[in-house]
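Notes follow once the structure below has been shown.
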Amino acid sequence: MSRVTRWWWVRHAPVVGVDGIIYGADDVACDVSDAAGFRLLAGTLPGDAVWVTSHLSRTIKTARAIAEAGLQFPEPMVERDLAEQNFGDWQGKTWDQMREIDPLAHDAFWQDPTRARPPGGESFADQIRRTATVIERITAAHEGGDIVAVAHGGTIRAAVVHALGLAPEQGMAITVGTLSVSVLEHVKDRLLRGRGGAWRVVGINRRAG
């Protein structure tokens, strides 16, 4: 008998006021005025699921907007390790400013942008590891159920990388639009008992509806 745990990943609403700026794990504002988009999400996502967000306000406000659009669900858990990649000292700056301030660190980063860490920050590979830890913990705790995670583009890419066993470089090729839905399923089957289960991708970067 198979038990399927289904993750519904939703990227937060569009951010505002940060054009050209590396905001990463900064707590920036988002635009939740897309009433039609939130109604579609409310009609697509399961209300009887475990809900989780990062600690950043753009995910919390997005979850609240889905609820206000007509979907009732339990108070979301807050998981700091589902936050966007932390770019450390570079957050709040443009890529051009980074190059001007520290050309050596800038050039070193672009030699391996998925594994290199910005000064005071983390790499995408680091983000994959912390995201995977949360996924495995919540999947084990809510086996056979639905989990809705309102998170960030980088976090959702990290989730796909973890599910498919991809290299970090491959994860950067995945597009995740705002208010899109990506569905991943963890299948636990007696035939897979020795491996703890298997992941499968149902859809990535889908518009609700």
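What 222 nm value per residue comes from the helices of the chain, counting each DSSP H run with n ≥ 4 as -39,500 (n - 2.57) and dividing by all residues, nearest 500 deg cm²/dmol? Intermediate results must be reported in sequence, preceding the final value.
Working: 7 runs with 72 residues, N = 209.
Calculated from helices alone, the mean residue ellipticity at 222 nm is -10000 deg cm²/dmol.
Only bridges whose two residues both fall in the chain count here: according to DSSP, what percent of them are antiparallel, nearest 5? Walk me through the intermediate numbers first.
Details: 17 of 29 bridges.
Of those bridges, close to 60 percent are antiparallel.
Where the only charges are on Cβ atoms (+1 Lys, Arg; -1 Asp, Glu), what is the dipole of the stretch 130-209 about its Cα centre, to the nearest 20 debye?
Details: 10 positive and 6 negative charges, 16 e Å.
Result for the stretch 130-209 is approximately 80 debye, rounded to the nearest 20.
Treat the chain as a sphere of radius equal to its Kirkwood radius over Cα pairs and apply Stokes-Einstein at 25 °C in a medium of 0.890 mPa s; give the translational diffusion coefficient in µm²/s, rounded to a whole number. Don't skip to the end; give the middle numbers.
Working: Rh = 17.7 Å.
Rounded, D is 138 µm²/s.
Taking neighbour counts of Cβ atoms within 10 Å as a proxy for exposure, in what order, fewest first, do HIS152, HIS186 appear? Write out the running numbers ahead of the final one.
Details: HIS152 26, HIS186 22.
Exposure proxy ranking, most exposed first: HIS186, HIS152.
One-quarter of the Cα convex hull surface for the stretch 1-47, in nm²?
Values: hull surface 21.6 nm².
Spelled out: convex hull of the Cα atoms, projected over all directions, averaged, 5.4 nm².
If one takes the longest principal axis of the Cα atoms in the chain, at what angle in degrees, from 0 to 90 and to the nearest 10, does the Cα axis of helix 153-164 lie?
Roughly 60 degrees between the two axes.
About its Cα centre, how strong a charge dipole does the stretch 22-65 have in debye, to the nearest 20, once Lys and Arg get +1 and Asp and Glu get -1 at the Cβ?
Values: 4 positive and 5 negative charges, 22 e Å.
Taking the Cα centre of the stretch 22-65 as origin, the dipole is about 100 debye.
Taking Cα atoms, how many degrees apart are the long axis of helix 35-44 and the longest axis of the chain, rounded to 10 and kept between 0 and 90?
40 degrees
For the chain, with only Lys/Arg (+1) and Asp/Glu (-1) charged at the beta-carbon, what is the dipole magnitude about the Cα centre, in debye rounded to 20? Intermediate values should be presented prior to the final figure.
Values: 23 positive and 25 negative charges, 194 e Å.
The dipole of the chain has a size of about 940 debye.
Could you state, as a whole-number percent, how many of the C-alpha pairs of the stretch 66-132 are farther apart than 13 Å?
Working: 1549 of 2211 pairs.
Taking all Cα-Cα pairs of the stretch 66-132, the fraction more than 13 Å apart is 70 percent.
What order do you get for SER57, SER33, SER182, SER123 when you list them from fewest to most C-beta neighbours inside 10 Å? Kindly include the intermediate steps, with their values, before the conclusion.
Numbers: SER57 15, SER33 10, SER182 25, SER123 19.
In order of increasing Cβ crowding within 10 Å: SER33, SER57, SER123, SER182.
Give the shape of the stretch 139-209 as rounded, prolate or oblate, defined through the alpha-carbon gyration tensor: a ≥ b ≥ c are the square roots of its eigenvalues, a/c under 1.5 means rounded, and otherwise the shape is prolate if a/b is larger than b/c and oblate if not.
On the way: a/c = 2.31, a/b = 1.46, b/c = 1.58.
Judged from the Cα gyration tensor, the stretch 139-209 comes out oblate (a/c at least 1.5, b/c at or above a/b).
Only the coordinates and a few stated rules stand behind these numbers; no lab work does. Note that the coordinates shown come from a computational prediction; the quantities given were computed from them, not determined experimentally. Here the Cβ is made from the backbone with ideal geometry for all residues, glycine too, and neighbour counts use every protein chain on show.
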